[in-house]
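Chemist: Below is the structure I would like to discuss, written out as structure tokens.
All of the numbers you see were taken from the coordinates with simple rules; none came from a lab. Remember, it's a predicted structure, so these values are computed and weren't measured experimentally. FYI the Cβ positions are ideal-geometry reconstructions off the backbone, even for glycines, and counts take in every protein chain you see.
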Amino acid sequence: MIYFHIPFCKQKCSYCNFHFSTSLTHKDALLQAIHTELDLRHTELDEKPIQSIYFGGGTPSLLEVDELSKLLEQTQRYFDWDKSIEITLEANPDDLSAPFLKALAKTPINRLSIGTQSFFTDDLVLMNRAHTAGEALDSIKRSQDYGFENLSIDLIYGAMTSSMEIWESNLKTARSLEVPHISAYALTVEPKTVLSHWVQEKIVPAPSQALQNDQFHYMAQYLKREGLSHYEISNFALPGYESRHNSAYWNYSPYLGLGPSAHSYDGKSRRCWSVANNTQYIKSLAQGSLPLEIELLEEKDRYNEMLMIGLRTKKGVDLSRLKTEFSSELLAHFGNELTPKIDNGYLEIQGDYLVIPSEHWFMADGIASDLFKV
Ligand SMILES: C[S@@+](CC[C@H](N)C(=O)[O-])C[C@H]1O[C@@H](n2cnc3c(N)ncnc32)[C@H](O)[C@@H]1O
Ligand code: SF4
């Protein structure tokens with residue numbers, strides 16, 4: 001699978017610390033650099049045929065449809081595409097105009113992930129989103145009108161402006177629109193964001209853990225009743241609408257990430273990522289040099305990651321895979337840490353998989369890290 005990181009946004013959301021620039025001045029040079037990076041790195045990915053391509057960001061919907069198409073065309077020069085390839089575009093509601101969607105519907109892009117976040121003005125203002133509550137709603141309907149029925153929306157819960165009533169209404173609205181996939185994230189105060197400044201200066205209170213916990217459990221029960229599978233801690237899908245791209249990440253499949261700050265993984269022990277700086281990225285590729293940092297994963301890193309990723313999924317951690325991939329010393333550590341967690345009900349063995357029972361999912365990261373080898 002291939003990931004393109006498009007590092008531009010209209011404005012800075014208060015909570016976000018992903019890599020992006022709010023200036024489009026160097027857009028052409030940056031796209032040229034991504035094309036060069038694909039020329040130089042396509043041999044790193046040995047996936048035949050390619051199952052998924054994902055435009056993430058940043059805000060890839062700020063690109064022209066032609067610019068997206070050119071990137072897709074270049075992948076076809078190097079890779080065969082699977083017949084049912086999933087090609088996702090992350091899109092912000094304010095970019096999904098009728099002319100944009102009309103042109104997009106003629107491309108092979110067949111899935112949208114819309115950054116809705118909330119259908120309430122107070123939430124959107126706190127988050128400094130570029131769209132209104134009306135645009136949040138209309139962009140989904142308009143996308144469906146243009147044939148994008150395979151779509152996902154991102155929602156954020158647990159904001160200081162939220163409440164149980166607001167959250168129930170957000171989820172009901174999503175369901176009334178028949179959105180088949182929802183990604184929902186608890187608002188996190190990330191370092192170096194405007195939100196963290198506001199919280200530090202007591203301009204706004206920190207998000208309430210109790211509210212986030214209650215909203216998470218409400219969402220899990222409500223969406224289950226609505227027939228969506230809670231297949232990863234933050235992801236829900238109607239049957240057949242699970243994201244192939246994300247599922248491949250959770251299955252430790254190899255992926256090639258292109259663009260500044262994008263990560264790549266060889267499926268075994270090599271991870272690398274590009275510099276998170278547009279100017280340096282462009283400069284380096286213009287000279288034919290890859291602005292990459294490489295990390296070779298040790299056995300314990302791969303073990304920790306397998307637990308961290310697997311325990312966030314409904315399927316869980318594949319125990320037979322764990323047993324074949326890791327040394328007896330590491331497995332002895334795993335066995336010692338596992339027993340008390342099973343005894344107190346935080347972990348369960350279901351067939352060949354280790355899972356966190358759904359009532360403890362909200363604490364998945366803490367439970368996984370207790371099993372880590374440090
Ligand atoms: C980085 S954005 C990229 C997609 C697009 N630009 C957008 O805004 O939807 C991907 C998603 O990450 C989530 N996200 C980013 N930072 C977050 C934070 N601090 N807390 C909760 N969710 C966050 C948002 O839901 C957002 O939709
Ligand atoms: S949430 Fe999306 S639109 Fe907002 S700053 Fe982050 S990447 Fe950009």
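Chemist: What is the spin-label model distance, in nm, from ASN344 to SER176 if the labels are put 7 Å beyond Cα along the C-beta direction?
Modeler: Reported label-point gap for ASN344 and SER176 is 4.3 nm.
Chemist: Continuing with this model, one more query. What whole-number volume per residue, in cubic angstrom, does the convex hull of the C-alpha atoms of region 223-326 give?
Modeler: Here the figure is 122 Å³ per residue.
Chemist: If you wrap a convex hull around the alpha carbons of the chain, what volume per residue comes out, as a whole number of Å³?
Modeler: Taking the convex hull of the Cα positions in the chain, it is 148 Å³ per residue.
Chemist: Could you order peptides 184-197, 333-346 by the average number of other Cβ atoms within 10 Å of their residues, highest first? Could the numbers behind the result be given before it?
Modeler: On the way: 184-197: 16.1, 333-346: 13.2.
Highest mean packing first, the order is 184-197, 333-346.
Chemist: Here's another thing I want to ask about it. Taking only Cα atoms and a 10 Å spring cutoff, compute GNM fluctuations for the chain and point out the largest among LEU30, LEU296, LEU155.
Modeler: Of LEU30, LEU296, LEU155, the most mobile in the Gaussian network model is LEU296.
Chemist: If each of ASP122 and LYS268 carries a label point 7 Å out from its Cα toward its Cβ, how far apart are those two points in nm?
Modeler: Label at ASP122, label at LYS268, 5.5 nm between them.
Chemist: So which of LYS12/LYS283; LYS10/LYS202; LYS12/LYS192; LYS172/LYS224; LYS192/LYS268; LYS268/LYS341 end up more than 21 Å apart, counting from Cα to Cα?
Modeler: Flagged as over cut-off: LYS12/LYS283; LYS10/LYS202; LYS192/LYS268; LYS268/LYS341.
Chemist: With a 10 Å cut-off between alpha carbons and a GNM built on the chain, which of ASP318, ASP138, ASP66 moves the most?
Modeler: Of the options given, ASP66 has the highest mean-square fluctuation.
Chemist: Residues in region 124-168 near a label at HIS197, defined as backbone nitrogen under 16 Å from the 7 Å Cα→Cβ point?
Modeler: From region 124-168, the list is 126-129.
Chemist: On to the next question. Using only alpha carbon positions, build the gyration tensor of region 319-374, then give the equivalent ellipsoid semi-axes as the square roots of 5 times its eigenvalues, largest first, whole angstrom.
Modeler: Semi-axes, largest first: 19, 13, 10 Å.
Chemist: Hey, another quick one. With a 4.7 Å Cβ cut-off, tell me which Cys residues in the chain come up empty for a partner.
Modeler: CYS9, CYS272
Chemist: Quick check: Cα centre of region 315-374 to Cα centre of region 1-36, how many Å?
Modeler: A separation of 37 Å, based on Cα centres.
Chemist: Would any residue of region 171-185 have its amide N under 18 Å from a label point 7 Å out along Cα→Cβ of ASP138? List them or say none.
Modeler: Only 177 pass the distance filter.
Chemist: Averaged over all directions, how much area does the convex hull of the C-alpha atoms of region 266-309 cover when projected, in nm²?
Modeler: One quarter of the hull surface, i.e. the mean projection, equals 3.8 nm².
Chemist: Can you find, among LEU338, LEU292, ALA364, the residue farthest towards the positive end of the dipole of region 279-374? Put +1 on the C-beta of Lys and Arg, -1 on that of Asp and Glu.
Modeler: Farthest towards the positive end: LEU292.
Chemist: Okay, moving on. Just tell me which lysines come within less than 16 Å, Cα to Cα, of LYS48; anything on the same chain fewer than 8 places away is out.
Modeler: Answer for LYS48, where 16 Å is the Cα cut-off: LYS83, listed by chain and number.
Chemist: Follow-up. Please compute the modelled spin-label separation between SER358 and VAL204, points set 7 Å along Cα→Cβ, answer in nm with one decimal.
Modeler: In this crude label model, VAL204 to SER358 measures out at 3.0 nm.
Chemist: What ranking, highest mean first, results for peptides 55-63, 69-77 when packing means the other Cβ atoms within 10 Å averaged over each residue?
Modeler: Descending packing order for the listed peptides: 55-63, 69-77.
Chemist: Here's something else I'd like to know. Would you please put 174-181, 365-372 in order of how densely packed they are, using the mean number of other Cβ atoms within 10 angstrom per residue and starting with the highest?
Modeler: 174-181, 365-372
Chemist: Treating only the Cβ atoms of Lys and Arg (+1) and Asp and Glu (-1) as charged, compute the dipole magnitude of the chain about its Cα centre; round to the nearest 20 debye.
Modeler: 320 debye
Chemist: Figure the gain on full extension for SER163 and GLU67 (residue separation times 0.36 nm, minus the Cα-Cα span) and round it to one decimal in nm.
Modeler: On the way: separation 96, 0.36 × 96 = 34.56 nm, distance 4.05 nm.
Extra length available between SER163 and GLU67 comes to 30.5 nm.
Chemist: Quote the convex hull volume per residue of region 139-261, based on C-alpha atoms, as a whole number of Å³.
Modeler: Cα convex hull per residue, to the nearest whole number: 153 Å³.
Chemist: Please report the spacing between the Cα centers of region 111-142 and region 150-208 in Å, no decimals.
Modeler: Spelled out, the Cα-based centre of one part sits 11 Å from the other.
Chemist: Given a 10 angstrom Cα cut-off, can you work out which residue in GLU299, GLU201, GLU168 is the most mobile in a GNM of the chain?
Modeler: Residue with maximal mean-square fluctuation among GLU299, GLU201, GLU168: GLU201.
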